[in-house]
Amino acid sequence: MGPPAAGGGTRAVSTLKKAKGFKKSKPGLYLSIGTSLFGAVGIVKQVQLARRESDRLQLLDAIVSGAAIVTSVAILVRELRRLDIDDVLADD
């Protein structure tokens, strides 16, 4: 990570905390969902190539990768819903 910043080194730590906080925020979750869905484009191309070449192992790899993307998006959507529920409860 490098040497600490001048004045005590809290700058690097606070930047890291901000990055971790962004990951759990609504914009961070939307960005993660978009990034995961963008990866689905590569999976579709991989499936097409595997079918064209009749490569079952490559097709299986694409299917497993696709399942991982679907699972990751489902988890992110669940986190997004939890944030929405927490927001509604916090408004009371």
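Brief remarks on what is shown
- Cβ-Cβ under 7 Å pairs, at least 6 apart or on other chains, segment 48-66 side in contact (Cβ under 8 Å) with a residue 24 or more places away in the chain, far side part of a helix (DSSP H, G or I) and open to solvent by 60 Å² or more (accessible area, probe 1.4 Å): none
- Qualifying positions in segment 35-60 - of a type in the set (D, E, K, R) and within 26 Å of ALA74 (Cα to Cα): LYS45
- Residue satisfying condition, being modelled with pLDDT of 90 or more, over 12 Å from the mean Cα position of the chain (by Cα), open to solvent by less than 90 Å² (accessible area, probe 1.4 Å) and of a type in the set (A, V, I, L, M), within set LEU16, LEU49, LEU76: LEU49
- Among residues of segment 27-66, those that are polar (S, T, N, Q), part of a helix (DSSP H, G or I) and more than 18 Å from LEU80 (Cβ to Cβ), counted: 4
- Residue in segment 35-44 that is surrounded by the fewest Cβ atoms within 10 Å (Cβ to Cβ), counting only those that are of a type outside the set (A, V, I, L, M, F, W, C) and within 12 Å of SER65 (Cα to Cα): GLY42
- Selection of segment 48-87 for residues being among the small types (Gly, Ala, Ser) and over 19 Å from SER36 (Cα atoms) yields ALA50, SER54.
- Candidate set: segment 19-34, residues that are among the aliphatic types (A, V, I, L, M) and modelled with pLDDT of 65 or more; chosen: the one farthest from ALA74 (Cα to Cα): LEU31
The values are calculated or read from the model by the stated rules, or taken from the named source; none is laboratory data. Because the structure is predicted, anything quoted here is derived from the model rather than measured. For neighbour counting, all protein chains shown are included, and Cβ atoms are generated from backbone atoms with ideal geometry for every residue, glycine included. Heads up: the accessible areas ignore ligands, DNA and RNA and are worked out on the full protein's heavy atoms, side chains in. Shrake-Rupley method; radii C 1.70, N 1.55, O 1.52, S 1.80 Å.
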